[in-house]
Amino acid sequence: MKKGGILISFMAAMTLTVSGCKIVENKPKSEAAIPSDQSGDAARNAARLEQTFEAKLLPLIRDGALLPGRLRTLIADDMDAAGAAHGNRGAGQGAAWNFPVRGAGVVIAAKLDTRARWVAVDVNSDGRADVKLQLGPVIRGTALRDVAPFYNFDDFRDQIEFAKLSRALNDRIKLGLSVPEGEMMGKTVSFTGVAPFKKPTDDFVVTPVMVEFSK
């Protein structure tokens, strides 16, 4: 056989071989598809926190935080106007407005013999509790999720996945909440966090992202 015939036969054989094979791209495990059902909820929410917690959520709370007295005045005047200007409303009918807040005051009451620890703080020196700070390790509510407009319910698979994000956020912040040993009464505490309100007369309960105690 002539050389030209050999070359043509070789190329034809290669064409048949390639056409019968499926080329599969080996992607890194980090790029593997997350299951679209409930089994993928944790992975999707972990990715959301990785992308937004430090870069977006904490700056949103710090930069927009109001003092408790100022917030009380605003929501007493017009709750919805205050919410539109300074907060974000959770999903669903009748959801609370959630406001970034910051302040400092003196601890005048504490409940620390529970997993849902809290302290009550006098922020205006009138001897009465103005703010209740959640200290965990059990953190209740959805304020950290609902204060952020970039956590949009429509972006989630369903209500279950949306609820799991709130728990993941609460679990994330509780790692940084430390309570000093010994007597709490009379200690000064500064805080930054989020307070939800459905009506102006609601208790002022803060889910903090930062708490610092001093004598």
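The values are calculated or read from the model by the stated rules, or taken from the named source; none is laboratory data. No experiment lies behind these values; they were computed from the predicted model shown. Heads up, the Cβs are rebuilt from the backbone with ideal geometry, glycines too, and the neighbour counts pull from every protein chain shown. Each accessible area value is taken on the protein alone, full model and side chains, heavy atoms only, with ligands, DNA and RNA left out. Shrake-Rupley method; radii C 1.70, N 1.55, O 1.52, S 1.80 Å.
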(request) Inspect all residues belonging to the stretch 161-169 and state whether any of them is among the small types (Gly, Ala, Ser), surrounded by fewer than 19 Cβ atoms within 10 Å (Cβ to Cβ) and either within 23 Å of Val107 (Cα to Cα) or touching a Gly at 6+ places or on another chain (Cβ under 8 Å) (or both). (result) no
(request) Among residues belonging to the stretch 146-160 that are in a helix (DSSP H, G or I) and of a type outside the set (A, V, I, L, M, F, W, C), point out the one that is most open to solvent (accessible area, probe 1.4 Å). (result) Asp154
(message) Tally up the residues in the stretch 66-106 that are open to solvent by 70 Å² or more (accessible area, probe 1.4 Å) and closer than 11 Å to Val194 by Cβ, please.
(response) 1
(request) Would you point out the residue of the stretch 153-178, among those that are farther than 28 Å from Leu133 by Cβ and of a type outside the set (A, V, I, L, M), that is modelled with the lowest pLDDT? (result) Arg157
(message) at pLDDT 95 or above, among the hydroxyl-bearing types (Ser, Thr, Tyr) and within 30 Å of Lys187 (Cβ to Cβ): which single residue out of Thr73, Thr52 fits that description?
(response) Thr73
(request) Select from the stretch 118-132 the residues that are assigned to a strand (DSSP E or B) and open to solvent by 40 Å² or more (accessible area, probe 1.4 Å) and list them in ascending order. (result) Trp118, Lys132
(request) Keeping to the stretch 203-215, report how many residues are farther than 18 Å from Arg62 by Cβ and either without any contact (Cβ under 8 Å) to a residue 24 or more places away in the chain or crowded, with 18+ Cβ neighbours inside 10 Å (or both). (result) 2
(request) Look through the stretch 133-145, keep the residues that are out of contact with any helix residue (DSSP H, G or I) (no Cβ under 7 Å at 6 or more places or on another chain) and open to solvent by less than 20 Å² (accessible area, probe 1.4 Å), and return whichever of them is nearest to Pro180 (Cα to Cα). (result) Leu135
